[in-house]
Amino acid sequence: MSDVAGFRRVKWAIAALFCFLGFQYATWAARLPALKTRLDLGAGELGLLLMACGVGAAASFPLVAVLMRRLGSRRLSLASALCLVALLAALSVVPNYPLALLVICGDGVAVGCLNVAMNAQGAALETEYGRTAMSQLHATFSAGLLGAALLASGITGVTASVPAHFAVAAVLLLLLLVYARQGLLPHTANPDTPKRRTRLTLPSGKTLLMGCAMAFGTITEGAMNDWSTLYMKDVVKAPSAVAPLGIAVVSVMMLLARVRADRWRGRWGDGRVVRTGSAVAALGLALALPAGGVVPTLLGFACVGLGAAAVTPCVYVAAAERGSDALALVAAMGTTGLLAGPALIGFVAGAGGLTLGMATVAASALIVTLTATRIPWRDRVPVPAG
């Protein structure tokens, strides 16, 4: 019973970090219109501002790998989370566009650090207690996004002040951090990556396969988030009130699947879950595109949310078992996929139409399936008690 209680205590502490990251990101993203107005930005400048966050996260790989070896995942989690609170405060009062770019790029670097460190904590939790948890941890990230959106909606109904909004958000973030600090594992780098080694080594072929699976998995997720509504409106000809249901169906199915996916992992193993899930996503979307119509399209989108939900959690676990360098590289490749995916689909859609762009999303999911056949997955572990 004590092991079960300890597992739950640590799991919820790590979950607080995942919730923290989702909440922090959605807080400033929800106030982009206000920041755009205050800094007098055009559409291109705003796009570059968003790009700066992704570039910072993707470029953080060398720094994260070194910090993971020197600090370990617990201390790096706490330090990068504190940086994110400070950067959120700075963004609320930043006076000009160049400084805003610098702050957002720094935010991306801190996101990269926290992303690797908290996933290392999640992988260590599963190893320490022999129970699956990673998918549920990723579900709390989605919960953080939702909570931040609700807070933004509530506060903007009272005041338009961005500093006031971000101050309230900072207090909530610090409370999450205090809660997380009490239960995090004293987990450091993998024994295969000792602290003494300061230079990065070339990644193995297996690590690159994991990075490929992560990149195409995040391309699938990111493209659906950015293009599903437009596809519903322009291709399916759905009414304006129905078009947003595309992203809603994907998000809800992904959240529900992540809540349950740890049991699937415990029953069938990570490899089978990833291969089957990505195949369901690819096949469901591929069949929906020629069928047309609102209902078939929403069913296809639901298959993507259901099938892609467990891909990134499982790949993070596999990468963490190969050491902090592998985890940092795989996380950076995932961020690159998330950043490049929507732009890639836009390029394809511009050349051959949005249907072809969505077919590219199905192809990305299929690549995950093929790649997953070559990745060394962990053995099945028992599902969490209770």
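Brief remarks on what is shown
- Members of segment 278-321 that are under 22 Å from the mean Cα position of the chain (by Cα) and not in a helix (DSSP H, G or I): Ala309, Ala310, Glu321
This table checks each residue for (1) open to solvent by 20 Å² or more (accessible area, probe 1.4 Å); (2) at pLDDT 90 or above; (3) within 23 Å of Met51 (Cβ to Cβ).
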residue: Val109; (1), (2), (3): yes, yes, yes
residue: Ala117; (1), (2), (3): no, yes, no
residue: Gln121; (1), (2), (3): no, yes, no
residue: Glu126; (1), (2), (3): no, no, no
residue: Gly130; (1), (2), (3): yes, no, no
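Yes/no matrix, rows are residues, columns are (1) open to solvent by 40 Å² or more (accessible area, probe 1.4 Å); (2) assigned to a helix (DSSP H, G or I); (3) modelled with pLDDT under 85; (4) at positive phi:
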| residue | (1), (2), (3), (4) |
| --- | --- |
| Ala148 | no, yes, no, no |
| Val168 | yes, yes, no, no |
| Leu176 | yes, yes, no, no |
| Asn190 | no, no, yes, no |
| Arg199 | yes, no, yes, no |
| Pro203 | yes, no, yes, no |
| Gly211 | no, yes, no, no |
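- Of the residues making up segment 333-344, just one is at pLDDT 85 or above and either open to solvent by less than 10 Å² (accessible area, probe 1.4 Å) or of a type in the set (D, E, K, R) (or both), namely Gly334.
- Matching residues, segment 345-365, being open to solvent by 50 Å² or more (accessible area, probe 1.4 Å) and either without any contact (Cβ under 8 Å) to a residue 12 or more places away in the chain or in contact with a strand residue (DSSP E or B) (Cβ under 8 Å, 6 or more places away or on another chain) (or both): Phe347, Gly350, Ala351, Leu356
- Considering segment 237-254, the residues that are modelled with pLDDT of 85 or more and either among the aromatic types (Phe, Trp, Tyr) or surrounded by 19 or more Cβ atoms within 10 Å (Cβ to Cβ) (or both) include one that is farthest from the chain's Cα centre (by Cα), namely Ala238.
- Contact annotation: no residue pair with Cβ atoms under 6 Å, 6 or more positions apart or on different chains, pairs a residue in segment 239-265 that is touching a residue at least 60 places away in the same chain (Cβ under 8 Å) and within 14 Å of Trp227 (Cβ to Cβ) with a partner that is open to solvent by 60 Å² or more (accessible area, probe 1.4 Å) and hydroxyl-bearing (Ser, Thr, Tyr).
- Whichever residue in segment 22-32 is open to solvent by 10 Å² or more (accessible area, probe 1.4 Å) and not charged (D, E, K, R) and, among such residues, is nearest to Gly144 (Cα to Cα): Phe23
- If the condition is being at pLDDT 85 or above and in a helix (DSSP H, G or I), then segment 345-357 contributes Val348, Ala351, Gly352, Leu354, Thr355, Leu356, Gly357.
- Boolean, Ala81 is in contact (Cβ under 8 Å) with a residue 60 or more places away in the chain and open to solvent by less than 50 Å² (accessible area, probe 1.4 Å): yes
- Members of segment 1-53 that are among the aromatic types (Phe, Trp, Tyr) and out of contact with any helix residue (DSSP H, G or I) (no Cβ under 6 Å at 6 or more places or on another chain): Trp12, Tyr25
- Unmet criterion (only one of (1) farther than 22 Å from Leu327 by Cα; (2) in contact with a Lys or Arg (Cβ under 9 Å, 6 or more places away or on another chain)) for Lys11: (1)
- Where helices (runs of 4 or more DSSP H) fall wholly inside segment 32-140, the ranges with 1 or more residues that are among the acidic types (Asp, Glu) and within 30 Å of Trp264 (Cα to Cα) are 97-129.
- In segment 214-236, the residues that are modelled with pLDDT under 85 and among the acidic types (Asp, Glu): Glu221, Asp226
The values are calculated or read from the model by the stated rules, or taken from the named source; none is laboratory data. Note that the structure is predicted; figures quoted are calculated from it, not measured. Here Cβ is always computed from backbone atoms with ideal geometry, including for glycine, and neighbour counts include all displayed protein chains. Ligands, DNA and RNA are stripped out before the accessible areas are found, and what is left, the full protein with its side chains, is counted by its heavy atoms. Shrake-Rupley method; radii C 1.70, N 1.55, O 1.52, S 1.80 Å.
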